[in-house]
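Below is one structure, written out as structure tokens; the observations come after it.
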Amino acid sequence: MAPVRVVLADDVPAVLHLLRYTLEASEAFQVVGEATNGAEAVRLAGDLRPDVVLLDLAMPVMDGLEAIPEIRRRAPATRIVVLSGFNADRMEESAIGCGADAYLEKRYRPDELVARLMSACRPGRTGDSPGAEFDDGLVHLRHLEGHQPLPSALRSPEQAAREARERFRLAFENAPIGMALLSPAGRFLQVNRALCTMTGRDEPLLLARAEADFTHPYDLEREARLMAELLAGEIDTSRSEVRYQRPDGDVVWALVSRSLLRDERGRPSQFVSQMVDITEQKRAEHAVRHFAAVLEHAIEGIARLDARRRYLDVNPAYASMAGYPAGELVGVDWADTLHPDDADRVDAAYDEMVGSGWAEVDSRALRKDGSVHFQRLVMVSTVDDDGRLTGHYCFSKDVTDEKRGEEARRRHADDLARSNAELVDFAYVAAHDLKSPLQVVSGFAHLLDQLYVPALDERGREFVRFILDGASRMDTLIEDLLSYCRVGSAEPVTVDVSLDAVLAGILVQMKADLEASGATVTADPLPGVRGDPVQLGQLLQNLVANGLKFVAEGSAARVHVTAERVPGAWAVTVSDNGIGVDPAHRERIFGMFERLHARERYQGTGIGLAICARIVERRGGSIWVEDNPSGGSRFRFTIPTETGPVTS
Ligand code: ADP
């Protein structure tokens, strides 16, 4: 028997492909033409005069219902079988009303479809519609697997209609996407569970409302226009992204497809709407857009490179930093934008990133015009699902100004250190040279005092006392100045020093004074440290002496020395019960010649704490003063346990 010649019409290429395969595999059919819209189907039917046209209803340009009468006119002997994805009773009626011979649904297995189509090709058959029956023996399915015997019992028209309605109800109700039938005015006539879940409203609530009642105001106008165009027949289907407002205030995004069903007289009867929840997709799109905007507007340079270290993407900030026009860096070798002298350090950082996922490095970079700039690079590796390196991101910041500033500061600090050293040298020499004339002055003043005082009147004796007092103060000042200068001039000595022993030595020297004043100096056990014993002695002596000196008149001084471990250092504390230091002057007092009191009240040169600061800082420690919680002050200094480089 010659195969039945078929023209297929469906706007989805995959469906056409499936139908062709299904029909030709049965060897009962031969597909002679394929159309993707109603107009093409009409033309092919007229040209080829096939035995049957298998026609989808919802197609662009000209839909199936419009095409049926045209096909009928151009190819009167051709049977027209509608194959629709969606069966509402009225659609079947409309198709038959327009002149179709049969109406089939796409839901059948291939073997069933072949059999039903074969049956529908025989005069008087109308496929799924009342009266449909078919002869299993008619079609031999040679290439299709899973063939099941088809039901041979005849169904009554009512039963078939009931079954069709039930199938529709089940498909509608259980569809994973939102589905609704709406009146031409946009009121819900029927809604499924998925739509209720999506919109956050139960069925009775939806059926009492129009879709527009909870459509986002921004989308209302467009939706109204699309529905008007459908009603006017200007479009067959509409597709749009619609925001629905849920009662909890959230917004859900839906991809809505609508088409309009018409009654047998062509009047609009119902909108069929399908709503797919695309909220997640929208959020992801938004995040991607947001991220792209962030990249675009980021002040810092961001680049993506492949595993061969070639640029894949760069943001405008990166391109301008590298001195390339936007887009021109793509494909460029990373190495071409790095300074060759820094290649090793960048490579080392890259290797570190490959191992640990990220790395940071400061390096010089080359612009397209060959000029050099400094960049701080943070590299983050990218890997595939198997953990293989696919490339890396470069986050780059131009630190040229910072680096130049650092260099200038370093130069300035070097200059300052040099001139300070020169000044200290000068002070040392000056102080040293002042010593001998001072000795002459004070020596003769002493002689005057001892030998000639009886010959002087009261005023002369007072003058001699003034000379002796001034000479003694000047001697102390010169000694202090020399001590200060010596801290930086001699070669640094670093030996094991017991602070206990150092303090004991100091107390021996002070014994007489302590006994006379009733002052006490106590200490917890002190540690052994590495350093210069002379300088450490000087440091402790100055602090203890100050603690004894700066007490309120009439009260006995109490000084206590302790030490504790802090990370990387010993912290030594000298506490007293004295007059305390005003917080406003706590930094100042460590400078040269800084004194807070009149000499008549507390004697001194204002150099002692400057010497302490110099000793501590040259050893990499720090010194400061704080309140003693029990009254007085606490002078604290640190001695690093890992002795770093000694600075002058
Ligand atoms: P001075 O020769 O005056 O002791 P320092 O450099 O040792 O010079 O101290 C500077 C100033 O810091 C002192 O004049 C004093 O005002 C203040 N000072 C130092 N130690 C103490 C302390 N233990 N209690 C209160 N004030 C102090």
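The values are calculated or read from the model by the stated rules, or taken from the named source; none is laboratory data. Please read these numbers as outputs of a predicted model, since none were measured by experiment. Methodologically, a virtual Cβ is constructed for each residue, glycine included, from the backbone with ideal geometry; neighbour enumeration extends over all protein chains shown.
Where the second residue is away from the ligand (no atom under 11 Å from the Cβ) and among the small types (Gly, Ala, Ser) and the first is free of Cβ contacts under 8 Å to residues at least 40 places away in the same chain and lies in the range 613-639, which pairs have Cβ atoms under 6 Å and are six or more apart or on separate chains?
620/644
Considering only the range 193-237, state which residues are assigned to a helix (DSSP H, G or I) and of a type in the set (Ser, Thr, Tyr).
Residues satisfying the conditions are 197, 199, 218.
Starting from the range 416-439, take each residue that is more than 14 Å from residue 484 (Cα to Cα) and list its partners that are among the β-branched types (Val, Ile, Thr), counting only C-beta distances under 9 angstrom and pairs at least six apart or across chains.
From the range 416-439, the pairs are 417/647; 434/478; 435/478; 438/478.
Being within 10 Å of the ligand (Cβ to nearest atom) and in a strand (DSSP E or B) is the filter here; which residues of the range 546-575 pass it? If you could, list the steps in order and put the result at the bottom.
Within the range 546-575, the subset within 10 Å of the ligand (Cβ to nearest atom) is 546-551, 557, 559, 574-575.
Those that are within 10 Å of the ligand (Cβ to nearest atom) and in a strand (DSSP E or B): 559, 574, 575.
Any residue at all in the range 302-318 that's buried (at least 18 other Cβ atoms within 10 Å of the Cβ), under 31 Å from the mean Cα position of the chain (by Cα), in contact (Cβ under 8 Å) with a residue 60 or more places away in the chain and part of a helix (DSSP H, G or I)?
yes
Where residues in the range 45-64 are at pLDDT 85 or above and farther than 16 Å from residue 23 by Cβ, which of them is nearest to the chain's Cα centre (by Cα)? Give the steps one after another, and end with the answer.
Filtering the range 45-64 down to residues at pLDDT 85 or above leaves 45-56.
Restricting the remaining residues to those that are farther than 16 Å from residue 23 by Cβ gives 45-47, 49.
Details: 45: 61, 46: 63, 47: 63, 49: 65 Å.
Selected residue: 45.
Please work out if residue 327 is on the phi > 0 side of the Ramachandran plot and either more than 28 Å from the chain's Cα centre (by Cα) or assigned to a helix (DSSP H, G or I) (or both).
On the way: on the phi > 0 side of the Ramachandran plot: yes; either more than 28 Å from the chain's Cα centre (by Cα) or assigned to a helix (DSSP H, G or I) (or both): no.
For residue 327, the condition - on the phi > 0 side of the Ramachandran plot and either more than 28 Å from the chain's Cα centre (by Cα) or assigned to a helix (DSSP H, G or I) (or both) - is not met.
Would the range 384-403 turn up any residue that is buried (at least 18 other Cβ atoms within 10 Å of the Cβ), at negative phi and without any contact (Cβ under 8 Å) to a residue 60 or more places away in the chain?
No, the range 384-403 contains no residue that is buried (at least 18 other Cβ atoms within 10 Å of the Cβ), at negative phi and without any contact (Cβ under 8 Å) to a residue 60 or more places away in the chain.
Of a type in the set (S, T, N, Q), closer than 30 Å to residue 203 by Cβ and exposed (fewer than 15 other Cβ atoms within 10 Å of the Cβ): does that describe residue 273?
For residue 273, the condition - of a type in the set (S, T, N, Q), closer than 30 Å to residue 203 by Cβ and exposed (fewer than 15 other Cβ atoms within 10 Å of the Cβ) - is not met.
Residues to consider are 465, 486; find the one that is out of contact with any Pro (no Cβ under 8 Å at 6 or more places or on another chain), of a type outside the set (A, V, I, L, M) and under 30 Å from residue 616 (Cα atoms).
486
Every residue in the range 576-599 that is near the ligand (Cβ under 8 Å from one of its atoms), of a type in the set (A, V, I, L, M, F, W, C) and assigned to a helix (DSSP H, G or I), please.
Passing the criteria: 589, 590.
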